[in-house]
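A short write-up of the structure that comes next.
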There are 2 protein chains.
Amino acid sequence: MTSLPSGRRAARGPLSAAASRRVERPAPLRQAVYDALLELIVNRTLAPGQHLVEAELAEYLGVSRQPVREALQRLQTDGWVDLRPAQGAFVHTPTEEEADQLLAVRSVLETYSAKLAAEHATAQDVKQLKKLQKAGEDALAAADVDRLVEANANLHAAVASIGRNKVLSEMIGLVDRRVRWYYTPIARPRSRDSWNEHAELIAAIADGDAERAGEVMHRHAEQTRQTYHDQKTTEGN
Amino acid sequence: MTSLPSGRRAARGPLSAAASRRVERPAPLRQAVYDALLELIVNRTLAPGQHLVEAELAEYLGVSRQPVREALQRLQTDGWVDLRPAQGAFVHTPTEEEADQLLAVRSVLETYSAKLAAEHATAQDVKQLKKLQKAGEDALAAADVDRLVEANANLHAAVASIGRNKVLSEMIGLVDRRVRWYYTPIARPRSRDSWNEHAELIAAIADGDAERAGEVMHRHAEQTRQTYHDQKTTEGN
DNA sequence: ACCGGCAAGATTGCATACAGTATACGGACA
DNA sequence: TGTCCGTATACTGTATGCAATCTTGCCGGT
């Protein structure tokens, strides 16, 4: 793949097949570049610490330096790259300290998110959660790690969105993605426990029991944090 | 003021006066532009909803469109402007809903921050907090609103920084600034109460009592939230 | 052999130029 | 008179160009 799907000039057929009701502003290239680069970072094609040269990325993606610059700057504010003045962009290198801080913040945010979810969840919402839970169970049974990771992310995102606090769920989205990036390379041993906790969580939300939902989520998050920490400290053996 | 202090080409005297030990990379223009624009937004020179034309801002600030664009994009991710594709930037218009969501998130984050502060505070830290508290009391006595607002922000920032969680304190910084922007235009009647709560908070932190510090901060934040809400609902009278 | 200075190449940061889209205005037609 | 359509203008999005700066490697001195 050497260039982006240039959706920019996508010829919109004249009312073709009742498609695209919405006005559909052409998404700026920088967004596509942002997504592409983030993907490359997350899947470690671009390694932590690596120097990202604007011109190279531009050529690789088939665009000019401009959108690349803009994407890199947003990647910086979102914590994925470090931008050193007059030196350029470097893929952010996670430290243990930072990972722990992120896990702590996530724990706090998601605990609150779970409480809100319990307060706001409709029958519809609960149904959706159970569906996501099942997807996770299936992935677990199939031992499909990729699907499991995705199901996990989806479930947490769903809980956040049920809380009806956009600011909160966007924040959780950002933090969560970074945490997973740090966490992924490490063995992920407690899947079974984790999904049991999810079941508990959903039950609490279904009951509208905010206190319990918060408590379960807190335990869940701290469990993860503990696991991460244990992994790290026994790593050198 | 029509142009930025062009620190870029600042002639660095050859080892002049032992100044600048640190390498001191020249701060990119976009950062100066970001600061300038944010100031203009916060002090309402640029009103919510206003269309920000890149060329105008560029001329006003004495730079090209490029750094302005980059600043605007970061202002977007930080929630100060909305960037509509092919239409440009508009100063973000706060909604009541969003304000409440931000207040809720801030409450959660600062509660945690207070707990951390209580766990980590050194004698030095406590001394600093008391100094900030005194600054606030002075401003209160002098009925100096500007200084009071600043003292308030400083105190909260100090508490956050004591917690030794950078991720957390940066987040609080962003959220807090936005909340203050929304909140400021509204009458700020509970200054006295607020600073009494600060005193309680500092006492709890000094005792290293995380539970109590968290509880006080939570009460403090929810109090503010309630005040905001009351103001809003009685506004039309 | 090691250190400091110097020059060449590489890369960023900023400015300018160009292309494409959205909005506003005005005239033709019902 | 009101509405629709076409054109003109304004502004954004992207590309390219230029100057300043950082980095690297080489050379001379010690």
Qualifying position, being in contact (Cβ under 8 Å) with a residue 60 or more places away in the chain and of a type outside the set (G, A, S), among B:D193, B:D209, B:D230: B:D209
Of the numbered conditions (1) within 16 Å of DNA strand D (Cβ to nearest atom); (2) within 14 Å of chain A (Cβ to nearest Cβ), B:D100 fails exactly one; give the number of that condition. (1)
Within region A:63-96, how many residues turn out to be at pLDDT 95 or above and either on the phi > 0 side of the Ramachandran plot or in a helix (DSSP H, G or I) (or both)? 14
What's the total number of residues in region B:45-59 that are away from DNA strand C (no atom under 13 Å from the Cβ) and surrounded by 13 or more Cβ atoms within 10 Å (Cβ to Cβ)? 4
Could you give me the residue pairs with C-beta distances under 8 Å whose first residue belongs to region B:30-58 and is within 14 Å of chain A (Cβ to nearest Cβ) and touching a residue at least 12 places away in the same chain (Cβ under 8 Å), whose second residue is surrounded by 14 or more Cβ atoms within 10 Å (Cβ to Cβ) and assigned to a loop (DSSP other than H, G, I, E, B) wherever it lies, and which are 6+ apart or on separate chains? B:A32/B:L4; B:V33/B:L4; B:V33/B:V63; B:L38/B:W80
Flagged in region B:61-86 as away from chain A (no Cβ under 12 Å), more than 13 Å from DNA strand D (Cβ to nearest atom) and open to solvent by 20 Å² or more (accessible area, probe 1.4 Å), in numbering order, are B:G62
Of B:E137, B:E150, B:E110, which residue is within 14 Å of chain A (Cβ to nearest Cβ) and among the acidic types (D, E)? B:E110
Counted residues, region B:113-134 - those being open to solvent by less than 70 Å² (accessible area, probe 1.4 Å), touching a helix residue (DSSP H, G or I) at 6+ places or on another chain (Cβ under 7 Å) and more than 10 Å from every other protein chain (Cβ to nearest Cβ): 9
Has region B:27-35 got any residue that is of a type in the set (F, W, Y), open to solvent by less than 60 Å² (accessible area, probe 1.4 Å), at pLDDT 95 or above and more than 10 Å from DNA strand D (Cβ to nearest atom)? yes
Looking at region A:94-112 only, could you name the residues that are open to solvent by 10 Å² or more (accessible area, probe 1.4 Å) and of a type in the set (S, T, N, Q)? A:T95, A:Q101, A:T111
Could you please find all residues in region B:161-181 being within 12 Å of chain A (Cβ to nearest Cβ) and assigned to a helix (DSSP H, G or I)? B:K166, B:V167, B:L168, B:S169, B:E170, B:M171, B:I172, B:L174, B:V175, B:R178, B:V179
Would you confirm whether or not region A:42-51 contains a residue that is part of a strand (DSSP E or B) and either within 13 Å of DNA strand D (Cβ to nearest atom) or hydroxyl-bearing (S, T, Y) (or both)? yes
Output yes when any residue across region B:201-214 is in the same structural domain as B:K115 (by TED's automatic domain parsing), surrounded by 18 or more Cβ atoms within 10 Å (Cβ to Cβ) and within 22 Å of B:E39 (Cβ to Cβ), and no when none is. no
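The values are calculated or read from the model by the stated rules, or taken from the named source; none is laboratory data. Model, not experiment: these values are computed from the prediction. We place every Cβ from the backbone using ideal geometry, glycine too, and count neighbours over all the protein chains shown. What goes into the accessible areas is simple: the full protein's heavy atoms, side chains included, and nothing from ligands, DNA or RNA. Shrake-Rupley method; radii C 1.70, N 1.55, O 1.52, S 1.80 Å.
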